[in-house]
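Structure in structure tokens, see below.
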Amino acid sequence: MTIQCIARLRSRRVVQDQLEGSDTAAAAAAVAGGGGDCCWANLPHELLRDVLLRIEESETRWPQMRNVVACAGVCRSWRFVIKEIVQVPEISGKLTFPISVKQPGPKECLLQCFIKRNRSTQTYHLYLSLTNALTDDGKFLLAACKCRRPTCTDYIISLRAEEISKGSSTYVGKLRSNFLGTKFSVFDGQSSNAGAKMTKSRSSRLAYSKQVTPRVPFRNYPTAHISYELNMLGSRGPRRMQCIMDSIPATSIRPGGVAPTPAEFSVNNVNVFPSIPSFHSKSASMKNFLSGPLPHQKDGGALVLRNKSPRWHEQLQCWCLNFHGRVTFASVKNFQLVVSPENGPAGPEHEKIILQFGKVGKDLFTMDYRYPISAFQAFAICLSSFDTKIACE
């Protein structure tokens, strides 16, 4: 009986795979339009769960994992079962659904990704590594586009490479820098806590106009702040950076700690996130950060990350960090982030690399991250390294 169901399922899956982008767009469309009247919804729950569990266990890598996503698009009952079976990246170490890019990475290891830069179009594409090789086709995750403004620079981040704008339904968030490129703010298109206030933008004022659908999320929630130390003396050496993760509590790295984990893309469903302190006003907090000194972080507040200090190699005559073979080119952009001592007494959690970024080609960079930050947050932090920093070098 199980074998027959699997055979029927694979026949159904062939139809799903005929649709362009079946791993994301088609599956999402099918779920949105699916209902309980589908013939596949009448399977006994225990049998259905057993079949889908076997599929999920057998498809451990992309592109095979698109079969798991396609199963969620068969009907609503299948989607509920798949959501029960598929574990978050923090536990499974896998990115299955689009929402996975907003969820914390695995605790036990670094999730390996890479970024491709296109200088002519000022775009950056994030891919999940499919092999241990430094270069492979990868699974596309996120795209960003650089937008220069008179007083700042914005990096708009989207779920689709073909549709990068704040007015798009695939808009995820953005990174904004100050004029000197020394301070950055990460904005999430989805709230990370129930009490946060949204910052208004020109797009938000268009939300109720005829040109834009009201369903598109236009608001931005400040979730992280990045700063690069000024190099006033012009001395040679690595950049010094610090990241204040306002949406992640410092307690998340301690035993039993929890980091916010969104369940789905929804600007209305804010009850699934714990209440975490964050900046509430663009005019007050965001502008003060971009122009003033870093705020003092008290113990138990937001998680603070800093770059790991490199050591000077006498024979090579350069600053060195151990990237364990993941970086092959020396670059001022290369960095590793660890938990700052500001988050309490030094412990094993302070030695772990939370995020590392480095150059492996002219326009190719590796990005490896882990809990408690997400792929979106890691991508935004790495984008800040691409920006020109006249006052830091």
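List, please: which pairs have Cβ atoms under 6 Å, are six or more places apart or on different chains, and start with a residue in region 324-344 that is in the same structural domain as Ile115 (by the TED database) and end with one that is of a type in the set (Gly, Ala, Ser) and open to solvent by less than 20 Å² (accessible area, probe 1.4 Å)?
Within 6 Å, the pairs are Val327/Gly358; Lys333/Ser385; Asn334/Gly358; Asn343/Ala250.
Right, next: What's the number of the only condition in (1) over 28 Å from Phe357 (Cβ atoms); (2) touching a Gly at 6+ places or on another chain (Cβ under 6 Å); (3) in the same structural domain as Ile354 (by the TED database) that Pro150 fails to meet?
Unmet for Pro150, out of (1) over 28 Å from Phe357 (Cβ atoms); (2) touching a Gly at 6+ places or on another chain (Cβ under 6 Å); (3) in the same structural domain as Ile354 (by the TED database): (2).
Only one of (1) closer than 21 Å to Ser385 by Cα; (2) of a type in the set (Gly, Ala, Ser); (3) part of a loop (DSSP other than H, G, I, E, B) is not met by Ser185, so which one is it?
Among (1) closer than 21 Å to Ser385 by Cα; (2) of a type in the set (Gly, Ala, Ser); (3) part of a loop (DSSP other than H, G, I, E, B), the lone unmet condition for Ser185 is (3).
Output the number of residues of region 87-103 satisfying the condition of being part of a loop (DSSP other than H, G, I, E, B) and open to solvent by less than 20 Å² (accessible area, probe 1.4 Å).
Result for region 87-103: 3.
Consider Trp78 against the criteria (1) of a type in the set (Phe, Trp, Tyr); (2) open to solvent by less than 10 Å² (accessible area, probe 1.4 Å); (3) in a loop (DSSP other than H, G, I, E, B): it satisfies all of them except one. Which criterion is unmet?
(3)
Sort out for me the strands (runs of 3 or more DSSP E) sitting completely within region 280-393 that have 2 or more residues that are at pLDDT 90 or above.
Working: elements: 302-307, 311-313, 318-320, 335-339, 355-361, 364-369.
Passing ranges, in order: 302-307, 335-339, 355-361, 364-369.
Related question: Name the residue, out of Pro150, Pro63, Pro106, that is under 23 Å from Arg176 (Cβ atoms) and in a loop (DSSP other than H, G, I, E, B). Spell out the reasoning first.
Details: Pro63 fails: under 23 Å from Arg176 (Cβ atoms); Pro106 fails: under 23 Å from Arg176 (Cβ atoms).
Exactly one of Pro150, Pro63, Pro106 is under 23 Å from Arg176 (Cβ atoms) and in a loop (DSSP other than H, G, I, E, B), namely Pro150.
What are the pairs, 6+ residues apart or on separate chains, where a residue within region 118-144 that is hydroxyl-bearing (Ser, Thr, Tyr) has its Cβ under 8 Å from a residue that is in a loop (DSSP other than H, G, I, E, B)?
Thr123/Ala161; Thr123/Ile164; Tyr127/Asp137; Tyr127/Gly138; Ser129/Asp136; Ser129/Gly138
Here's the yes/no breakdown for (1) at pLDDT 95 or above; (2) touching a His at 6+ places or on another chain (Cβ under 6 Å); (3) surrounded by 17 or more Cβ atoms within 10 Å (Cβ to Cβ); (4) assigned by the TED database to the domain that holds Ala380:
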position	(1), (2), (3), (4)
Leu126	yes, no, yes, yes
Asp137	no, no, no, yes
Glu162	no, no, no, yes
Ser177	no, no, yes, yes
Thr182	no, no, yes, yes
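The values are calculated or read from the model by the stated rules, or taken from the named source; none is laboratory data. Since the structure is predicted, the reported quantities are computational estimates derived from the model, not experimental observations. Neighbour counts run over all protein chains shown; Cβ positions are idealised from the backbone, glycine included. Accessible surface is based on the protein model in full, side chains and every heavy atom, while ligands, DNA and RNA are left aside. Shrake-Rupley method; radii C 1.70, N 1.55, O 1.52, S 1.80 Å.
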